[in-house]
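Q: Structure incoming, see below.
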Amino acid sequence: FITNRLLQRKQMVVDVIHPNKPNVSKADLREKLGKMYKSPSDSVFVFGFKTAYGGGRSTGFALIYDNLAIAKKFEPKYRLLRHGIGAKRTASRKQRKEKKHRQMKVRGTKKAKVGAGKKK
């Protein structure tokens with residue numbers, strides 16, 4: 001593995017040999033890597049696994065952060081969401097665009113009122 005001190009993590013390419021299995025779950029890999037490198041499994045991020053032709057072997061990438069706070073700082077939002085960390089956007093894409101266009105039509109502090117929606 002490579003130690004990346006700037007991002008306070010260890011990063012590595014992971015080769016998994018899994019005969020008689022189609023693939024290995026990422027949760028299992030996180031637990032195994034956490035034990036191997038003596039870190040909590042919630043600070044281990046595994047992604048990009050491709051199964052070799054014929055099966056039996058997969059190759060992917062793993063990042064092991066020093067702690068979860070640093071992971072939250074540096075990891076992309078979509079990867080944090082996969083781990084169940086952080087909140088997903090609630091409004092649909094169309095609703096966000098409609099709100100943006102309503103706000104463009106007004107100036108100043110009225111933008112907040114338009115963004116909140118109409119009172120019933």
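Q: Is it fair to say VAL16 is outside any loop (DSSP other than H, G, I, E, B) and not charged (D, E, K, R)?
A: yes
Q: Where residues in segment 81-105 are aliphatic (A, V, I, L, M) and out of contact with any Lys or Arg (no Cβ under 8 Å at 6 or more places or on another chain), which of them is surrounded by the fewest Cβ atoms within 10 Å (Cβ to Cβ)?
A: ALA87
Q: Another question, if that's okay. Within the set of pairs 6+ apart or on separate chains, which have a first residue in segment 30-50 that is free of Cβ contacts under 8 Å to residues at least 24 places away in the same chain, a second that is acidic (Asp, Glu), and C-beta atoms under 6 Å apart?
A: Partner pairs satisfying both residue conditions: SER41/GLU31.
Q: If you check TYR78 against the conditions, is it at pLDDT 90 or above, under 30 Å from LEU7 (Cβ atoms) and surrounded by 14 or more Cβ atoms within 10 Å (Cβ to Cβ)?
A: no
Q: Can we say ALA69 is in a helix (DSSP H, G or I), of a type outside the set (Ser, Thr, Tyr) and within 30 Å of ARG5 (Cα to Cα)?
A: Taking the combined requirement at face value, the residue satisfies it.
Q: Next question, about the same structure. Please enumerate the residues belonging to segment 22-66 that are in a loop (DSSP other than H, G, I, E, B) and at negative phi.
A: Once the filter is applied, which keeps residues that are in a loop (DSSP other than H, G, I, E, B) and at negative phi, segment 22-66 yields PRO22, ASN23, VAL24, SER25, TYR37, SER39, PRO40, ALA52, TYR53, ASP66.
The values are calculated or read from the model by the stated rules, or taken from the named source; none is laboratory data. No experiment lies behind these values; they were computed from the predicted model shown. When we count neighbours, we look across all protein chains shown, and the Cβ atoms used for this are built from the backbone with ideal geometry, even at glycine.
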